[in-house]
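The values are calculated or read from the model by the stated rules, or taken from the named source; none is laboratory data. Given the structure is predicted, the values throughout are model-derived calculations rather than measurements. Glycine gets a Cβ as well: all are built from the backbone with ideal geometry, and neighbour counts include every protein chain shown. These area figures cover heavy atoms from the full protein model, side chains too; ligands, DNA and RNA do not enter into them. Shrake-Rupley method; radii C 1.70, N 1.55, O 1.52, S 1.80 Å.
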Amino acid sequence: MIERRTASLDRVFQALADPTRRAMLRRLSKSEQSIGELAAPFRMTFAAASKHVKVLERARLLRRRVEGRSHFCRLEPAPLAAANGWLRFYERFWTDQLDALDAVLHAEDAEAAISPGKKGAHT
């Protein structure tokens, strides 16, 4: 079960690593789009856009619906929620480090305000 979850998360991050696919997902967050509509802003062929869509499908970030010869895609947000949950676990480490940096900078500012001529006075 954990291996399947890890593989799924790996596919999500792999899909999100490409800026074109991230832009496609952003467009899909607004509305369902055909593959041609997804390709249009990037001036790419249908085949190239279809390859991006396949990566997003493997990551389960979108669902494709076929109507005649047209393929329509819509966002599937659940894998993004799983990735967000994974990232949120590590957020506390970033927050702690940024809080520590903030404290050091405030201490330096306070010290500089008390003794403004101290820096460079040894020369």
Only one of 76, 91 is surrounded by fewer than 11 Cβ atoms within 10 Å (Cβ to Cβ) and either touching a residue at least 24 places away in the same chain (Cβ under 8 Å) or within 26 Å of residue 11 (Cβ to Cβ) (or both); which?
91
Looking at the stretch 61-73 only, could you name the residues that are closer than 28 Å to residue 7 by Cα and open to solvent by 30 Å² or more (accessible area, probe 1.4 Å)?
63, 64, 65, 66, 71, 72
So, in the stretch 37-60, of the ones that are open to solvent by 40 Å² or more (accessible area, probe 1.4 Å) and among the small types (Gly, Ala, Ser), which residue ends up nearest to the chain's Cα centre (by Cα)?
40
If you take the residues of the stretch 6-21 that are surrounded by 12 or more Cβ atoms within 10 Å (Cβ to Cβ) and more than 18 Å from residue 63 (Cβ to Cβ), which of them is modelled with the lowest pLDDT?
9
Within the stretch 23-35, restricting attention to residues that are exposed (fewer than 13 other Cβ atoms within 10 Å of the Cβ) and out of contact with any strand residue (DSSP E or B) (no Cβ under 6 Å at 6 or more places or on another chain), which residue is farthest from residue 67 (Cα to Cα)?
26
